[in-house]
Structure formats: structure tokens, C-alpha cells
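**Student:** This is the structure I want to talk about, given as C-alpha cells.
The values are calculated or read from the model by the stated rules, or taken from the named source; none is laboratory data. Values in this document were obtained by computation on a predicted structure and should not be read as measured data. Positions of Cβ are generated from backbone atoms using ideal geometry, with glycine treated the same way; all protein chains shown enter the neighbour counts.
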Amino acid sequence: MNYAEAIEHIKARLLECVLEKDITDDKEEQERLVNEFDYLSLSYDALDKFEPKEAIPYEVDVEKVKIGNGFWGVGTTIYKCPNCGDYVSKIYKYCKECGQALKYEK
Ligand SMILES: [Zn+2]
């Protein structure tokens, strides 16, 4: 099972939790399903960040942008994290703000 398959499995189980909670009258079972939903949601968020997402090219249009210890000036191309929107440069495999795995256009 790879990350994408695990994510699909978790998404399917999240939906089942919602549907099962709606059709049961057992309060303990409803509570168990709510807890399971919460655990799975956390797992989903964490796993989703391991699957690299395409960083969004951004041409700097302000005087300068600071990323780590570097500065990028007007007209240079940097990137934005597709998850949180923070600035990143190509040297980063992960967003330093939110931890999203990143890939870059060739
Ligand atoms: Zn981010």
C-alpha cells in the first residue's frame, strides 16, 4: 500500500463512519464512531502531507521576499506552498511552515 492508496482507504472509512453513525441508535457505538472519525481525520491530514504536491510558481512583484536566510527580488521566480501559501524555494523538499511535501515543475 502506498500513501495514495492509504489516503483513499482512510477517505472511504471516514465516509463509512458518518453513514454508520447516522443509522445506529446505540449511543456507545455513535461515540466510538465519532472518536474513530477524529483519529482517521488526523491520520488523513498527516498522510496527505507526505504525498508531494506541485509548488505554485510565483514571480516576485515586491521589493524582496525572505525565505530562510535568502532574499528574492522583483522579477525572480519563487514558489508558494499549495497547502498553506507560504513562500518556498526549490531547495525545500518540504514546506517549512506546514510540512507539506513539495515537488516543482521542471
Ligand atoms: Zn505550507
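**Student:** Does Asp86 meet the test of being out of contact with any Pro (no Cβ under 7 Å at 6 or more places or on another chain), exposed (fewer than 13 other Cβ atoms within 10 Å of the Cβ) and not basic (Lys, Arg)?
**Tutor:** Numbers: out of contact with any Pro (no Cβ under 7 Å at 6 or more places or on another chain): yes; exposed (fewer than 13 other Cβ atoms within 10 Å of the Cβ): no; not basic (Lys, Arg): yes.
Answer is no for this residue.
**Student:** Run down Glu63, Glu36 and say which single residue is more than 16 Å from the ligand (Cβ to nearest atom), surrounded by 12 or more Cβ atoms within 10 Å (Cβ to Cβ) and of a type outside the set (A, V, I, L, M). Before the answer, list the steps.
**Tutor:** Details: Glu63 fails: surrounded by 12 or more Cβ atoms within 10 Å (Cβ to Cβ).
One residue alone meets the criteria, Glu36.
**Student:** Restricting attention to segment 66-89, which residues are more than 15 Å from the ligand (Cβ to nearest atom) and not polar (S, T, N, Q)? Don't jump to the end; show me each part of the working.
**Tutor:** Of the residues in segment 66-89, the ones more than 15 Å from the ligand (Cβ to nearest atom) are 66, 69-77.
Scanning segment 66-89 gives Lys66, Gly70, Phe71, Trp72, Gly73, Val74, Gly75.
**Student:** So which of Lys27, Lys49 is surrounded by 12 or more Cβ atoms within 10 Å (Cβ to Cβ) and not acidic (Asp, Glu)? Working first, answer last.
**Tutor:** Values: Lys27 fails: surrounded by 12 or more Cβ atoms within 10 Å (Cβ to Cβ).
From the options Lys27, Lys49, the qualifying one is Lys49.
**Student:** Return only the number of the condition from (1) of a type in the set (D, E, K, R); (2) under 26 Å from Glu105 (Cβ atoms); (3) under 25 Å from the mean Cα position of the chain (by Cα) that Lys64 does not satisfy.
**Tutor:** If we test Lys64 against (1) of a type in the set (D, E, K, R); (2) under 26 Å from Glu105 (Cβ atoms); (3) under 25 Å from the mean Cα position of the chain (by Cα), just (3) comes out false.
**Student:** Still on this structure, please answer the following. Within segment 95-106, which residues are within 13 Å of the ligand (Cβ to nearest atom) and not in a loop (DSSP other than H, G, I, E, B)?
**Tutor:** Pass one, segment 95-106, residues within 13 Å of the ligand (Cβ to nearest atom): 95-102.
Once the filter is applied, which keeps residues that are within 13 Å of the ligand (Cβ to nearest atom) and not in a loop (DSSP other than H, G, I, E, B), segment 95-106 yields Ala101, Leu102.
Per-residue answers, yes or no, for (1) in the same structural domain as Arg13 (by TED's automatic domain parsing); (2) at pLDDT 95 or above:
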site: Ser41; (1), (2): yes, yes
site: Lys64; (1), (2): no, no
site: Ile67; (1), (2): no, no
site: Thr76; (1), (2): no, no
site: Lys80; (1), (2): no, yes
